[in-house]
1. For segment 48-79, how many residues meet the condition of being part of a helix (DSSP H, G or I) and of a type in the set (Phe, Trp, Tyr)?
2. What residue, among those in segment 7-37 that are in contact with a Leu (Cβ under 6 Å, 6 or more places away or on another chain) and crowded, with 21+ Cβ neighbours inside 10 Å, is modelled with the highest pLDDT?
3. Take the conditions part of a helix (DSSP H, G or I) and at pLDDT below 95 and apply them to Gly130. Does it pass?
4. I'd like to verify a number: residues in segment 125-139 that are of a type outside the set (Val, Ile, Thr) and touching a helix residue (DSSP H, G or I) at 6+ places or on another chain (Cβ under 7 Å), how many?
5. Mind telling me which of the residues Phe148, Phe160, Phe156, Phe110 ends up being more than 16 Å from Thr8 (Cβ to Cβ), aromatic (Phe, Trp, Tyr) and open to solvent by 40 Å² or more (accessible area, probe 1.4 Å)?
6. If you go through segment 75-107 one residue at a time, how many are open to solvent by 50 Å² or more (accessible area, probe 1.4 Å) and at pLDDT below 90?
7. Can you spot a residue in segment 159-166 that is more than 22 Å from the chain's Cα centre (by Cα) and at pLDDT 90 or above?
8. Which members of segment 169-190 meet the condition of being surrounded by 13 or more Cβ atoms within 10 Å (Cβ to Cβ) and assigned to a helix (DSSP H, G or I)?
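The values are calculated or read from the model by the stated rules, or taken from the named source; none is laboratory data. In this text, all values refer to a predicted model and were calculated from it rather than measured experimentally. Note that each Cβ is placed from the backbone with ideal geometry, even for glycine, and that neighbours are counted across all protein chains shown. Ligands, DNA and RNA are excluded from the accessible area calculation, which covers all protein heavy atoms including side chains. Shrake-Rupley method; radii C 1.70, N 1.55, O 1.52, S 1.80 Å.
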Amino acid sequence: LATLIIMTRGAMQGASKPYFVNYYLITDHMPAWLAWFMGSSSSRLSAFLSMTMLAGFAGAVCANMLGRSWCKVSVMKMALVGTIAMSVLLFLIPRDAVLAALLIVMLSNFFHMMFVPMLFSTVPDTVDYGVRTTGMGAMAMFCGGHLFVLKLGNAFGGFFVGHMLAWFGYQPNVEQTDRALMGIMAAFAGSSIVAALLVLVCLQFYRLKRGWQGHLAPEAAT
């Protein structure tokens, strides 16, 4: 369930990012040095895509480092709280604060990619839990099911963005209405807030934390 929610969020943010960059942000009053770097719509989108990817790489490396000494569930919760904070900030900054928006989106992806590797590592943990408690492991089924849900989340994300933009009145290649701009922000930043809150709830039911001790099944003992 956590994978389905977080992958839906990732697909929604990825699909709505061009609309956020090209329609929501106001670039008329950018400093000369920033206009040279992100003056055109294509260069702005390129900057947002490349810089957020680098930030995501840093987040994955940070997750690996934190996971050595911290419980992975605690790291995941920390990453989700960071995602919520960055998404709320994105709603609060002015539309012409392009550089601030870039930094916030980078930090949001940093926290997102801190979360994802930890989430994926729970799959073999869950298989080990099954072996320990029932004596049966099902690695292929768990990995196959997890991959299916991941792809399903990506499909849901694209579906939701298209229908949300249409419902809020988005029209291509024209100045957007306030309602359409709100729809773009709802798809881009609002989806991250909702998804992170839902996954935080899911993690309250995840028992395999550091120090967990389960009962060894008779089948596993033999």
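1. So the answer is 2.
2. My answer is Met7.
3. Yes.
4. Selection size over segment 125-139: 6.
5. Phe110
6. Number satisfying all stated conditions: 3.
7. Yes - at least one qualifying residue is present in segment 159-166.
8. Across segment 169-190, the qualifying residues are Ala180, Leu181, Met182, Gly183, Ile184, Met185, Ala186, Ala187, Phe188, Ala189, Gly190.
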